[in-house]
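Structure first, then comments.
The values are calculated or read from the model by the stated rules, or taken from the named source; none is laboratory data. What you are looking at is a predicted structure, and each value in this text was computed from that prediction instead of being measured. Quick reminder, even Gly has a Cβ in these numbers, built from the backbone with ideal geometry, and neighbours come from all protein chains shown. Accessible surface is based on the protein model in full, side chains and every heavy atom, while ligands, DNA and RNA are left aside. Shrake-Rupley method; radii C 1.70, N 1.55, O 1.52, S 1.80 Å.
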Amino acid sequence: MAMQDINQGKNTTTHTYQGLGPSLLMPTWLMIGIFLVLPVLMMLVYSFLTKEFRGGVIWEFSLNAYDQFIFDRGLFGDDPPKMEWTYIGIFWRSILQAGIATLLCLLIGFPTAWFIATRVGNSKSIWLFLITIPYWVNLLIRTISMKFLIRENGPANEFMMSIGLIDAPLQMINTNFAVQLGLFYSYLPFMVLPIYASVERYNFSLSEAAADLYSSQWVTLRKIIIPTVKPGIIAGCILVFVPSLGAFLAPDLLGGAKSFMIGSLIEDQFGGQAGNWPFGAAVSMILLSMVLIVLTFYARLQSRRAS
Amino acid sequence: MSLHETNKIAIDVDNVTKRYAEVTALKNVSLSIHDNEFFTLLGPSGCGKTTLLRTIAGFEGISEGDIRLFGDSIIDLPPNKRPVNTVFQQYALFPHMSVMENVAFGLRRQKVVDSEVRKRTGEVLELVQLSGFADRLPSQLSGGQQQRVALARALAPRPKVLLLDEPLSALDLKLRQDVRVELQQIQANTGITFVFVTHDQEEALTMSNRIAVMSAGIVQQVGTSRDIYESPENKFVADFIGDTNLIDVEIVETDGRQATCLLLGNVQLICNNAKGATKGRASLSVRPERLSLGDASNSSLSGTVSRLTYLGTDIHVAVNLEDGEVIDVRVQNSEDARIPDTGDIVGLNLELDAARVLMN
């Protein structure tokens, strides 16, 4: 700002980097254009094409992919349409799984973020650093390790048996629980970091003021702290919910057929058995629309707060 | 002043010590704050005044001693159970709540019924002249208005004691002076005991019924503005409150009330304001406005004018004595005032009643 003020009316922009402004974003625009916008447009187009038998598409307009998502028309596609619940069920389960993962991350992440934000001096950055440590190892490797940890005769079961908590190994792998554990574990830091940023800015004399005005700690948390750090909580929830919804690794490696989620469904259409590209594209579009709806809702909420 | 001499004691701070890991913030502090009193804790930053206020509010525990509110010990009560309210230095208004909701917050926690909450919120907002602002958010208010909301919020639950932690320090000078008068009026009208923390001596002197001057965790003196200004009990108080000249003297004779002092080894003065004086080395505290300039020949004390400082209403004249000691004299800027030039040799006339003997 200061620079702008000084330069006003003097036509000295060539001596500053102001003229470069828009071009500074060029590399980013290119990246986003080539690797995000273009593929999404391709998916959009593919979802309205006709499927080739073993992957690929025939360039012929068709609504079959979306139709297949909603209606069951029998094996040869000529039965009278019935409601198809399979895919809606997968969506529903995915939303539920992602929702539970988000809630768990919030329950664990909020106290963690609070703890870190209230440390004094150097230890804050040490704790933050510790939070990022899991990211030194690739998500795939971490998910596979998780699989080994919770398998039938893995360390988790052995430990619980050795302390007498259980008599026989628990079936953990290939269950919704395992998927949940994987999602929760993968995305917890995405909850901690934005909440941390919010709590860091929290003015702790507000808590004192609330206590001074006869609030118990619980009421202070509910009425003062949570509303004040809400932007961080919402950001964290979005950062956990959205990727959990489309997660592929955790449900694929940790869950069984019963724990099929959207991510695996899409993967199956392109790389897996089904080989139905238009349908995979259509499912992706439906998932994307859902995410956009959630984000729009959030943006609305934010702008209402601002006005 | 007699109005406030109802002997009922609102807050009794009894031998309170507050230790942190490395420092002792309060050392055996004892104070009695009367009901319906405007009581000020005054001192430089780090003197413990805010710590003392926070121990009364309950935000800080104490290491030793007791704090009683109308006779009952409150040290084991958490802040939300103490019937006192605080006006915070940076106001600490709830940013997501309207002015109305901020003010109603304490009442709602006390489970006051809705209609009563509305009535009392309206009343206090009127008291602080913010009736038209009930629906605004704190961020939409000026600093002065935020300060009033903070005051209204703390007054709404009708606390027995209101604690104010440097509430005016964030306001600009003109506004600060207006708010001072308002605060005093509100205190007088509501009859609530005010405990006011400030580092600003002018604020303290103009507003308070009584002042406790603090330094290094110790209460140096408690008294009315006049007591503290005119009869400081020690050098710290004399030096901290207003400007003063501290002149080294030797007391050659004293009866504990009056003292004969020797200045510069040869000038003898008889001081009437010498409570507690003993023979030996001491300081004489003389306010610059209690000194006047005269002819050197007519005066037992004389010196050379070394500096003149123009301050509008008056002029500060620095006079160097023979031994190099510098004495400040304040001359009123009136038409018949004789203003010397630097380098002039002048006599110093001293109002003997105003010179206060302080033991070292």
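Below, the figures for the structure above:
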quantity	calculated
Per-region count, the stretch B:49-100, residues polar (S, T, N, Q), over 21 Å from B:ILE211 (Cα atoms), open to solvent by 20 Å² or more (accessible area, probe 1.4 Å) and more than 11 Å from chain A (Cβ to nearest Cβ)	2
The stretch A:71-88, subset surrounded by 14 or more Cβ atoms within 10 Å (Cβ to Cβ) and modelled with pLDDT under 90, residue farthest from A:ASN176 (Cα to Cα)	A:ARG73
Matching residues in the stretch A:234-277 - criterion: being part of a helix (DSSP H, G or I), of a type in the set (Phe, Trp, Tyr) and closer than 20 Å to A:PHE69 by Cβ	A:PHE270, A:TRP277
Answer residue from the stretch A:219-256, given it is surrounded by fewer than 19 Cβ atoms within 10 Å (Cβ to Cβ) and closer than 30 Å to B:ASP165 by Cβ and is nearest to the other protein chains (Cβ to nearest Cβ) among those	A:PRO227
Pairs, first among the charged types (D, E, K, R) in the stretch A:206-222, second open to solvent by 30 Å² or more (accessible area, probe 1.4 Å), C-beta under 6 Å, six or more apart	A:GLU208/B:PHE59
Members of the stretch A:199-218 found to be part of a helix (DSSP H, G or I) and more than 19 Å from A:PHE115 (Cα to Cα), listed by number	A:ALA209, A:ALA210, A:ALA211, A:ASP212
Some residue of the stretch A:51-66 being hydroxyl-bearing (Ser, Thr, Tyr), outside any loop (DSSP other than H, G, I, E, B) and over 22 Å from A:ALA257 (Cα atoms)	yes
Members of the stretch B:178-210 that are β-branched (Val, Ile, Thr) and assigned to a helix (DSSP H, G or I)	B:VAL179, B:VAL181, B:ILE186, B:THR190, B:THR206
Any pair with Cβ under 6 angstrom, 6 or more apart, that starts in the stretch A:159-173 at a residue that is in contact (Cβ under 8 Å) with a residue 12 or more places away in the chain and ends at one that is surrounded by 10 or more Cβ atoms within 10 Å (Cβ to Cβ) and of a type in the set (Asp, Glu)	A:PRO169/A:GLU152
Test set (1) outside any strand (DSSP E or B); (2) free of Cβ contacts under 8 Å to residues at least 24 places away in the same chain - B:ALA318 fails condition number	(1)
Number of the exception - A:SER216 against (1) within 14 Å of chain B (Cβ to nearest Cβ); (2) out of contact with any Ser or Thr (no Cβ under 8 Å at 6 or more places or on another chain); (3) open to solvent by less than 40 Å² (accessible area, probe 1.4 Å); (4) of a type in the set (Gly, Ala, Ser)	(3)
Matching entry among A:LEU128, A:LEU139, A:LEU106 (being in contact with a helix residue (DSSP H, G or I) (Cβ under 7 Å, 6 or more places away or on another chain) and modelled with pLDDT under 90)	A:LEU139
Odd one out for A:MET146 among (1) free of Cβ contacts under 8 Å to residues at least 60 places away in the same chain; (2) surrounded by 15 or more Cβ atoms within 10 Å (Cβ to Cβ)	(1)
Extreme residue, farthest from B:ILE345 (Cα to Cα), among residues of the stretch B:311-328 that are among the acidic types (Asp, Glu) and under 27 Å from the mean Cα position of the chain (by Cα)	B:ASP314
Single residue of A:PHE91, A:PHE190, A:PHE184 found to be open to solvent by less than 40 Å² (accessible area, probe 1.4 Å), among the aromatic types (Phe, Trp, Tyr), touching a residue at least 60 places away in the same chain (Cβ under 8 Å) and closer than 30 Å to A:SER284 by Cβ	A:PHE91
Every residue from the stretch B:160-181 that is touching a residue at least 40 places away in the same chain (Cβ under 8 Å) and open to solvent by 10 Å² or more (accessible area, probe 1.4 Å)	B:LYS160, B:ASP165, B:GLU166, B:SER169, B:ALA170
Within the stretch A:197-213, considering residues that are more than 13 Å from B:PHE94 (Cα to Cα) and open to solvent by 30 Å² or more (accessible area, probe 1.4 Å), the one nearest to the other protein chains (Cβ to nearest Cβ)	A:ARG201
Failed item in (1) touching a helix residue (DSSP H, G or I) at 6+ places or on another chain (Cβ under 9 Å); (2) farther than 18 Å from B:LEU163 by Cα; (3) small (Gly, Ala, Ser), with B:SER63 passing the rest	(1)
Residues that are more than 17 Å from B:ASN189 (Cα to Cα) and open to solvent by less than 30 Å² (accessible area, probe 1.4 Å), drawn from the stretch B:123-152	B:LEU130, B:ALA134, B:PRO138, B:LEU141, B:GLY144, B:GLN147, B:VAL149, B:ALA150
Subset of the stretch A:102-122 (residues that are assigned to a helix (DSSP H, G or I) and open to solvent by 40 Å² or more (accessible area, probe 1.4 Å))	A:LEU103, A:LEU104, A:LEU106, A:LEU107, A:ILE108, A:PRO111, A:THR112, A:TRP114, A:PHE115
